[in-house]
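Trainee: Questions regarding the structure given below will be posed in turn.
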Amino acid sequence: MGISSFLYVANWKMQFSFNEALSFYKKNKNNFDMMTQKSGHRIVLCPSFDVLYAIIKEAQGSLVFFGAQDCSSHNYGAYTGQICAESLAQIGCSYCIIGHSEYRKYAHSTDLGIGKKAVCLIKQNIKPIICVGETWQEYEHGVAEKIIERQIDAVLLALQQANVVADICIAYEPIWSIGSGKTPPIDYIKSIFKYISLKLEVVKNITSLMLLYGGSVTDENVANLKKISELQGLLVGGASLDFQKFEKIVT
Ligand code: PGA
C-alpha cells in the first residue's frame with residue numbers, strides 16, 4: 001500500500017462551538033486544500049453534527065472530505081436525538097466514525113448496535129471508520145485481541161445478516177491512549193494490525209480494509225508511528241484542533 005493513499009481523519013469531538021468550528025474551517029480552508037494537494041493524502045474533517053452541514057456548504061469545490069462522529073443504528077423512526085445515515089449522505093458526508101470509545105461510554109452503545117450503524121452507513125455509500133480498542137486494564141492483562149475480536153465480530157455479524165459487501169476502515173484506538181499523551185509501542189500496534197488483517201482477510205463481506213491508528217497522535221510522535229508499514233491512516237483528536245500541528249502530522 002503506497003503512502004499516497006494515507007487517510008488523515010481529524011476528530012474535532014465537541015471541542016468547538018458552532019461559531020468556533022465554522023471560523024476555524026473558514027480561516028484554514030485554503031490551507032487544508034493546499035495541504036491535500038501538496039501531500040497527495042486524503043483529509044477527512046469530522047466536526048460535530050450541528051456545524052457539519054454549514055462547513056460542507058462552505059467547502060464547495062474543496063479537496064477535503066467530511067465525516068460525522070457517529071450515526072444512528074436505525075434508518076428512521078422515533079429515535080429522539082439521533083441522526084440517520086441517509087441524512088449524512090444527503091448533506092455530503094463520505095465517512096463516519098462509529099464505535100468511538102467516548103461514544104460507546106457516554107451513549108452506551110453496544111457492539112451489535114455499532115454493527116448496525118456500519119450497515120446503515122454502507123447502504124448510503126458512506127465509509128465507516130470503526131473504532132476498536134482496549135482499556136488500560138485489558139492492555140495490562142494482555143487481552144486486547146480478545147476485546148477487539150468481540151468488537152469486530154459484532155460488526156461482521158451485522159454485515160453478514162444484512163448481506164452487504166463493504167469497504168471499511170478500522171481505527172485501532174487503545175482507550176488508555178486517547179487524550180493521555182501515551183501511545184503503545186510500535187511493535188504492539190503492528191501485532192494488533194496483523195491480528196485484525198488476518199482476521200478480516202477471510203471475510204467475504206469485506207472488499208477492502210484500511211487500518212488506522214488513533215490515540216495521542218502528535219506532530220512529535222507521528223514520524224515514529226509512520227514506521228509501521230501496515231499503517232494506512234491516522235485518527236487525530238487534540239492535535240487536529242491546531243492547524244500547524246495537524247499540518248505537521250500530514251506533511
Ligand atoms: P486524541 O484523540 O488524538 O486527542 O488522543 C483521538 C481520538 O479520540 O480519536
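Since every read-out is calculated from the coordinates, none of them should be taken as a lab result. Since this is a predicted model, take the numbers as computed values, not measurements. So basically every Cβ, Gly included, is an ideal-geometry build from the backbone, and we count neighbours across all protein chains shown.
Trainee: Once you sort the root eigenvalues of the Cα gyration tensor of the stretch 1-104 as a ≥ b ≥ c, which label holds: rounded (a/c under 1.5), prolate (a/b larger than b/c) or oblate (the other case)?
Mentor: Prolate, because a/c is 1.5 or more and a/b exceeds b/c.
Trainee: Each label point is 7 Å from the Cα along the Cα-to-Cβ direction; what then is the distance between the points at residue 190 and residue 90, in nm?
Mentor: Distance between label points: 4.8 nm.
Trainee: Sticking with this structure for a sec: Among 185, 95, 144, whose Cα projects farthest towards the positive end of the dipole of the chain, with charges put on the beta-carbon of Lys, Arg (+1) and Asp, Glu (-1)?
Mentor: Looking along the dipole axis, the top candidate is 95.
Trainee: Follow-up question, since we're still on this one. Where does the chain land at 222 nm, in deg cm²/dmol rounded to the nearest 500, when only DSSP H runs of n ≥ 4 count, each adding -39500 (n - 2.57), divided by all residues? Numbers along the way, then the final one.
Mentor: Numbers: 10 runs with 110 residues, N = 251.
So the helix-based figure for the chain works out to -13500 deg cm²/dmol.
Trainee: Sticking with this structure for a sec: Could you give the nm distance between label points at residue 150 and residue 112, where each point is 7 Å from its Cα heading toward the beta carbon?
Mentor: Distance between the two pseudo-spin positions: 1.5 nm.
Trainee: Count the net charge of all other residues whose Cβ sits under 13 Å from the Cβ of residue 143, scoring Lys and Arg as +1 and Asp and Glu as -1. Numbers along the way, then the final one.
Mentor: On the way: positive: 146, 150; negative: 134, 138, 140, 145, 149.
Overall, the nearby charge balance is -3.
Trainee: Right, next: Before anything else, pin down the relative contact order of the stretch 1-117: Cα pairs under 8 Å, at least 6 apart, normalised by residue count, whole percent.
Mentor: Here the relative contact order equals 24 percent.
Trainee: Here is a follow-up. Report the Stokes-Einstein translational diffusion coefficient (µm² s⁻¹, integer) for the stretch 36-169, Rh taken as the Kirkwood radius over Cα pairs, at 20 °C with viscosity 1.002 mPa s.
Mentor: After rounding, the answer is 136 µm²/s.
Trainee: Follow-up question, since we're still on this one. So if R0 is 22 Å, what FRET efficiency would residue 161 and residue 230 give, r being the distance between their Cβ atoms, rounded to the nearest 0.05?
Mentor: So the FRET efficiency works out to roughly 0.15.
Trainee: Efficiency by 1/(1 + (r/R0)^6): what FRET value for residue 125 and residue 221, r their Cβ-Cβ distance, R0 = 35 Å, to the nearest 0.05?
Mentor: Numbers: r = 34 Å, r/R0 = 0.96.
It comes out at approximately 0.55.
Trainee: Looking at the stretch 145-251, what % of the alpha carbon pairs are farther apart than 24 Å?
Mentor: In whole percent, the long-distance tail amounts to 29.
Trainee: Could you please report the charge total around residue 101, scoring K, R as +1 and D, E as -1 over all other residues with beta-carbon less than 13 angstrom from its beta-carbon?
Mentor: Around residue 101, the charge tally is -3.
Trainee: Related question: In whole Å, what are the extents of the chain along the principal axes defined by its C-alpha atoms, from largest to smallest?
Mentor: 46, 44, 32
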